[in-house]
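All remarks here apply to the structure that follows.
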There are 2 protein chains.
Amino acid sequence: VKRAPAYPRVGVAIGDPAGIGPEIVLKAAASQRVTRAARLVIIGDARWLERQAKRLKLRWPLQRRTVELVDLANVEPHCVAGSVSAGAGRAAVETIERATELALSGGVDAIATAPIHKEAIAAAGYVDAGHTEMLQRLTGAKQVGMLFWSKSFSVGLLTRHLALREALRAVRANRIVQAVRLFDAGWRQLLGKTPRIAVAGLNPHASEGGRFGHEEQREIAPAIERLQQLGLSVSGPYPPDSIFNRAQAGEFDLVLALYHDQGTIPIKLVCGYDAVNITVGLPFVRTSPDHGTAMEIAGKGIASGRGMEQAILAAARFARRQRSS
Amino acid sequence: VKRAPAYPRVGVAIGDPAGIGPEIVLKAAASQRVTRAARLVIIGDARWLERQAKRLKLRWPLQRRTVELVDLANVEPHCVAGSVSAGAGRAAVETIERATELALSGGVDAIATAPIHKEAIAAAGYVDAGHTEMLQRLTGAKQVGMLFWSKSFSVGLLTRHLALREALRAVRANRIVQAVRLFDAGWRQLLGKTPRIAVAGLNPHASEGGRFGHEEQREIAPAIERLQQLGLSVSGPYPPDSIFNRAQAGEFDLVLALYHDQGTIPIKLVCGYDAVNITVGLPFVRTSPDHGTAMEIAGKGIASGRGMEQAILAAARFARRQRSS
């Protein structure tokens with residue numbers, strides 16, 4: 001079999017076995033676009049995957065030439081698709097732990113992870129708020145950031161799952177400088193180019209020079225100035241309700257959003273399932289689809305594999321670039 | 001000339017003469033789609049309009065059969081396109097005052113207003129934050145609301161130009177009840193139908209049952225319950241970063257956004273210039289395009305008349321409905 005020299009191995013964690021993870025991973029593994037771009041190393045329970053595949057009439061066995069399976073044999077016999085449980089939560093975390101080990105040891109070049117369920121992992125006794133925090137803990141990374149990447153535009157978040165009231169308190173010059181440096185470095189590593197970064201304002205119309213709020217003048221503008229002195233391609237603060245249109249038109253590569261919904265509202269509206277969630281700051285490439293476990297449709301065969309496919313393709317693309325550089 | 005019985009008269013205020021208002025009003029007045037839908041009553045300075053028309057090679061004189069002109073003769077001789085001034089601010093406010101008088105006296109059936117410039121009206125000594133507040137003052141309306149209407153979906157704002165920090169303090173059950181009732185009544189008046197209203201949450205994922213913030217449980221959910229008891233078609237609070245996708249897919253007519261950018265980011269991204277800004281709570285229909293004076297391109301002939309056209313067409317449509325009801 002002839003392969004491009006930089007044909008990457010992508011570890012694919014199936015996430016919560018009771019969610020749509022197994023289904024969308026199987027669908028992605030059957031996609032030619034995916035298997036032409038990467039060799040998949042699927043991490044999950046083989047018997048459970050086989051059961052799902054047969055039930056949903058998806059390809060089984062997997063094609064050995066392009067798909068490998070790391071069988072954790074960790075799904076409890078009484079696990080039910082669509083049902084949140086501690087057992088499924090534990091099994092989900094184990095897929096991420098193994099994926100991380102493989103990525104750190106060089107067994108895979110990048111990882112793409114299917115969704116986990118927050119209540120399930122909490123019931124299993126894990127304290128992590130989500131994937132991002134768990135990966136930070138497992139790798140000991142100092143600082144991690146959530147980046148939504150799409151062909152239209154990309155968004156980095158200053159804060160993630162915080163009450164808006166608390167997110168406002170995090171709008172500080174130091175944190176903005178840190179976050180932009182992190183996304184800038186992550187982008188250059190992933191794409192080999194310097195991103196043109198726009199920083200959104202916090203207040204309506206970016207406060208119109210202080211008329212509605214002072215964060216733009218006191219925190220955001222000083223942070224941008226410092227970043228420019230460091231040589232980064234950064235500007236702003238821009239009125240939040242037009243900066244995403246400008247990014248979409250191609251003026252910027254990445255918008256720093258100052259709170260969760262400021263970034264996730266536009267990315268979901270423009271990109272739907274096509275945005276890929278990337279964790280920057282880790283010692284390896286990690287992607288995931290921009291949706292959850294969708295318990296209400298798990299096991300029904302109607303979940304779209306598109307988001308997972310995009311996540312794997314992005315992981316393969318970034319891993320190829322890192323290998324060749 | 002034969003006309004439909006409900007051929008409405010729409011008062012069109014040119015707004016700040018130094019902005020793009022005169023240009024976009026002249027462009028809209030030359031549009032057959034517009035002149036087939038309404039008789040326009042343009043309110044502004046005739047000499048200034050003529051000068052702009054000749055300079056930009058737009059139709060002049062206006063077609064008398066479909067366009068009437070109320071000449072305020074109020075633009076100072078030294079007024080310059082693109083330049084913010086107290087004189088232009090005063091002239092702009094006078095166009096709105098006259099449009100309001102005409103609407104209140106029945107001289108026109110609805111009004112559509114071109115943009116004004118906040119610094120210019122402040123320099124002219126007016127205290128109003130914008131059009132909406134000015135119209136509230138001129139009509140003595142108790143409560144007014146800002147609604148962005150489009151064919152895709154519509155958004156009502158709980159608060160307008162407030163620092164985000166202060167907007168958070170306004171997320172109170174009573175205010176939400178008031179606002180939803182106002183938008184519901186306004187919608188029924190404009191469109192003759194009961195709107196299906198979705199209330200957005202405030203925090204990421206609508207707080208996931210209180211994990212990130214408490215406003216959903218303490219303020220928003222109780223407000224929705226009260227509104228449902230009043231018989232309104234209202235539900236929520238929904239995760240802010242997927243409710244606009246659902247509205248776009250047709251599940252809801254109107255989303256109540258709890259702060260300015262929560263509503264304006266999605267509407268501008270999806271609708272561009274096609275969203276029409278409507279003031280609800282006034283004794284007459286008032287619309288405007290969803291953009292500003294664009295001083296940097298004023299007088300250059302490159303402004304798009306599309307937003308103004310949409311605003312006039314919407315005003316005509318709503319006025320026709322009110323006449324026929």
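If you go through region A:87-142 and keep only what is under 17 Å from residue A:291 (Cα atoms) and of a type in the set (Lys, Arg), you end up with just A:118.
Scanning region B:95-122 for residues that are surrounded by fewer than 18 Cβ atoms within 10 Å (Cβ to Cβ) and either at pLDDT 95 or above or out of contact with any helix residue (DSSP H, G or I) (no Cβ under 9 Å at 6 or more places or on another chain) (or both) gives B:97, B:101, B:104, B:105, B:106, B:107. Number of residues in region B:122-150 that are among the β-branched types (Val, Ile, Thr) and free of Cβ contacts under 8 Å to residues at least 60 places away in the same chain: the value is 1.
Do we have residue A:84 as in contact with a helix residue (DSSP H, G or I) (Cβ under 6 Å, 6 or more places away or on another chain), away from chain B (no Cβ under 14 Å), surrounded by fewer than 23 Cβ atoms within 10 Å (Cβ to Cβ) and of a type in the set (Val, Ile, Thr) here? Full working, then the answer.
Working: in contact with a helix residue (DSSP H, G or I) (Cβ under 6 Å, 6 or more places away or on another chain): yes; away from chain B (no Cβ under 14 Å): no; surrounded by fewer than 23 Cβ atoms within 10 Å (Cβ to Cβ): yes; of a type in the set (Val, Ile, Thr): yes.
In short, no.
Which members of region B:31-54 meet the condition of being more than 24 Å from residue B:120 (Cα to Cα) and touching a residue at least 60 places away in the same chain (Cβ under 8 Å)? Outline the logic, then answer.
Narrowing region B:31-54 to residues more than 24 Å from residue B:120 (Cα to Cα): B:31-41, B:54.
Correct list: B:31, B:33, B:34, B:37, B:38, B:40, B:41.
Across region B:153-198, the qualifying residues are those that are facing chain A (nearest Cβ under 10 Å) and among the basic types (Lys, Arg), and the one among them that is most open to solvent (accessible area, probe 1.4 Å) is B:169. Number of residues in region A:221-241 that are open to solvent by less than 40 Å² (accessible area, probe 1.4 Å) and either of a type in the set (Lys, Arg) or facing chain B (nearest Cβ under 9 Å) (or both) equals 2. Answer yes or no: is there a residue in region A:124-141 that is farther than 30 Å from residue A:195 by Cβ, touching a Leu at 6+ places or on another chain (Cβ under 7 Å) and modelled with pLDDT of 95 or more. Within region A:124-141, not a single residue is farther than 30 Å from residue A:195 by Cβ, touching a Leu at 6+ places or on another chain (Cβ under 7 Å) and modelled with pLDDT of 95 or more.
Taking the options A:38, A:81, name whichever one is among the aliphatic types (A, V, I, L, M) and out of contact with any strand residue (DSSP E or B) (no Cβ under 8 Å at 6 or more places or on another chain). Steps first, please.
Details: A:38 fails: out of contact with any strand residue (DSSP E or B) (no Cβ under 8 Å at 6 or more places or on another chain).
That would be A:81, the only listed residue that is among the aliphatic types (A, V, I, L, M) and out of contact with any strand residue (DSSP E or B) (no Cβ under 8 Å at 6 or more places or on another chain).
If the condition is being in contact with a Lys or Arg (Cβ under 8 Å, 6 or more places away or on another chain), within 21 Å of residue A:141 (Cα to Cα) and open to solvent by less than 10 Å² (accessible area, probe 1.4 Å), then region A:250-287 contributes A:278, A:279. Close Cβ contacts (under 9 Å, 6 or more residues apart or on different chains) running from residues in region B:174-186 that are acidic (Asp, Glu) to residues that are in a helix (DSSP H, G or I) comprise B:184/B:227. The set of residues from region B:58-68 being open to solvent by 30 Å² or more (accessible area, probe 1.4 Å), in contact with a helix residue (DSSP H, G or I) (Cβ under 9 Å, 6 or more places away or on another chain) and more than 21 Å from residue B:304 (Cα to Cα) comprises just one member, B:65. Confirm whether residue A:308 is surrounded by fewer than 22 Cβ atoms within 10 Å (Cβ to Cβ), more than 10 Å from chain B (Cβ to nearest Cβ) and among the hydrophobic types (A, V, I, L, M, F, W, C). No, not satisfied. Across region B:9-57, the qualifying residues are those that are part of a helix (DSSP H, G or I) and of a type in the set (Asp, Glu), and the one among them that is least open to solvent (accessible area, probe 1.4 Å) is B:23.
Just to be sure, is residue A:106 over 30 Å from residue A:259 (Cβ atoms) and either out of contact with any Lys or Arg (no Cβ under 9 Å at 6 or more places or on another chain) or more than 14 Å from chain B (Cβ to nearest Cβ) (or both)?
Numbers: over 30 Å from residue A:259 (Cβ atoms): yes; either out of contact with any Lys or Arg (no Cβ under 9 Å at 6 or more places or on another chain) or more than 14 Å from chain B (Cβ to nearest Cβ) (or both): yes.
So residue A:106 passes the test.
The values are calculated or read from the model by the stated rules, or taken from the named source; none is laboratory data. Remember, it's a predicted structure, so these values are computed and weren't measured experimentally. Note that we place each Cβ from the backbone using ideal geometry, even for glycine, and neighbour counts take in every protein chain shown. When the accessible area is computed, the model is the full protein with side chains, heavy atoms only, and any ligands, DNA or RNA have been set aside. Shrake-Rupley method; radii C 1.70, N 1.55, O 1.52, S 1.80 Å.
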